[in-house]
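The values are calculated or read from the model by the stated rules, or taken from the named source; none is laboratory data. Model, not experiment: these values are computed from the prediction. We place every Cβ from the backbone using ideal geometry, glycine too, and count neighbours over all the protein chains shown. The area values use the complete protein model at the heavy-atom level, side chains included, leaving out ligands, DNA and RNA. Shrake-Rupley method; radii C 1.70, N 1.55, O 1.52, S 1.80 Å.
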Amino acid sequence: MTGTVSFIGTGNMGGALIHAACRALDPRQVHITDFFADKAADMANELGCCCEASNKDAVLAGDYIFMCVKPQVMGGVLKEIEPILKDCLEKGQKKTVVSIAAGLQTEYIKEQLSQCGDALRVVRVMPNTPAAIGKGMLAVAAGPEVEDEYVTGVCEILADAGRVERLSEHLMDQFTVVSGCSPAFVYMFIEALADGGVMTGLSRQQALTYAAQTVMGSAAMVLETGKHPGELKDNVCSPAGSTIVGVAELEKHGFRSAAIEAVKAGYKKNVDLGKVK
Ligand SMILES: NC(=O)c1ccc[n+]([C@@H]2O[C@H](COP(=O)([O-])OP(=O)(O)OC[C@H]3O[C@@H](n4cnc5c(N)ncnc54)[C@H](OP(=O)(O)O)[C@@H]3O)[C@@H](O)[C@H]2O)c1
């Protein structure tokens, strides 16, 4: 990608995307800033990218401006950068604002930046933390007013973060739970498998390694064979064997229902976050 990208916020998710962007681009194209300046300075030193002194400087430095702050503070930060963004656009500079905030619609971002007018492009990205090691699942949504070259630019910045797909914005809140939140659910599953392993005599380290490698391999089987997970599960369950006994216990304790309810609760929360004004 030609041009530059700025990240406002270097926390868990912003940090993961900064690492990915510095792999995909020349780190000197990447500019970062944070409320806690030392955090951004340390990360810039580690990655060889540029540390900016303020959010306004980050807006000046980036053709693409990734907003990586919590949804609750997004409105305030957008209002802070609005005048400088407006000024840049009036001078004919091309600026694309990219929000990664859970729940917030592009319409909300545009409303907060209403002084910027139609020249401003807004793109929404939903990443997950495995993006830090290039194994993320990311969705990119943009309205029809955003020219393809700018959506492609965003995808190029994220190219080393994992699998990147375009998605209609009306499905972003659902995607946010199934991909953005669910690493936490999966870590809980890995931890629980390992706890069971420790209870039956494995060391903690053995149990964690075996559980994590198995979850990774099982996920790869779903993606690479294209087979339904039910069929893959059936293939592991031999008649009167130990796997089907475990499957029955998971069903008895509402495993599947618990996962479905977790996704529904997360979705509802995302919709509520979107009502933040
Ligand atoms: N975490 C995830 O797995 C995940 C997944 C998908 C999407 N997201 C989205 O990613 C966004 C960031 O979440 P996160 O988990 O990375 O949060 P986080 O770890 O708290 O990071 C937010 C960062 O923004 C900084 N910040 C706060 N106010 C600022 C300001 N006024 N100007 C500049 N920087 C400011 C914070 O600094 P201080 O720490 O000094 O306050 C912090 O470093 C959220 O909108 C969230 O919805 C997160």
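Which whole-number percent is the relative contact order of the chain (Cα, under 8 Å, 6+ apart)?
After rounding, I find 16 percent.
In what sequence, highest mean first, do 10-17, 61-68, 133-140, 227-234 appear when ranked by Cβ atoms within 10 angstrom?
Descending mean neighbour count gives 61-68, 10-17, 133-140, 227-234.
Hey, got the dipole for the range 1-135? About the Cα centre, +1 on K and R Cβ, -1 on D and E Cβ, debye to the nearest 20?
Here the size comes out at about 340 debye.
For the chain, give the share of DSSP beta bridges that are antiparallel, in percent and rounded to the nearest 5; count only bridges with both residues there.
15 percent
Probe 1.4 Å, all protein chains in place: accessible area of E251 in Å², nearest 10?
It works out to around 90 Å².
What dipole magnitude, in Debye to the nearest 20, does the chain give about its Cα centre under +1 on Lys/Arg Cβ and -1 on Asp/Glu Cβ?
480 debye
At a threshold of 8 angstrom on Cα-Cα distance, excluding pairs fewer than six apart, so keeping six or more, what relative contact order does the range 1-61 reach in percent?
After rounding, I find 37 percent.
Enumerate the helices in the chain for which the Kyte-Doolittle hydropathy averages 0.0 or more and the C-alpha atoms extend at least 30 Å along the helix's axis, using complete DSSP H runs.
204-225
When the accessible area of the range 76-224 is computed with all protein chains present and a 1.4 Å probe, what percentage of it is carbon and sulfur?
The computed percentage sits at 59.
Just going by the charge dipole of the range 32-113, with Lys and Arg at +1 and Asp and Glu at -1 on Cβ, which of C51, S99, L89 is farthest out on the positive end?
L89
Once you have the Kirkwood Rh of the range 202-246 from its Cα pairs, apply Stokes-Einstein at 25 °C and 0.890 mPa s and quote D in µm²/s.
The calculation lands on 206 µm²/s.
Leaving out ligands and nucleic acids, note down the accessible area per residue over the range 84-141 with a 1.4 angstrom probe, in whole Å².
With the other protein chains kept in place, the range 84-141 gives 37 Å² per residue.
Order the following by accessible area, largest value first: S238, S182. Probe radius 1.4 Å; ligands, DNA and RNA are ignored.
Output order, biggest surface exposure first: S238, S182.
Of the listed peptides 198-204, 71-77, 1-7, what is their order by residue-averaged count of other C-beta atoms within 10 Å, with the highest listed first?
1-7, 71-77, 198-204
Calculate the dipole size of the range 126-202 relative to its Cα centre from +1 charges on Lys and Arg beta carbons and -1 charges on Asp and Glu beta carbons; express the result in debye to the nearest 20.
Here the size comes out at about 400 debye.
How large is the Rg to Rh ratio of the range 1-127 when both quantities use alpha carbon positions and Rh follows Kirkwood?
Using only Cα positions, Rg/Rh for the range 1-127 is 0.93.
Whole Å is fine, so just give me how far the alpha carbon centre of the range 234-277 lies from that of the range 41-67.
40 Å
Which one, S238, V222, H253, projects farthest toward the positive side of the charge dipole computed for the range 199-257 from Cβ point charges (K/R +1, D/E -1)?
The Cα lying farthest towards the positive end belongs to H253.
Can you tell which of F189, Q213, V140 lies farthest toward the positive end of the dipole of the range 133-277, using +1 and -1 charges on the Cβ of basic and acidic side chains (Lys, Arg; Asp, Glu)?
F189
How many percent of the alpha carbon pairs in the chain exceed a separation of 36 Å?
24 percent
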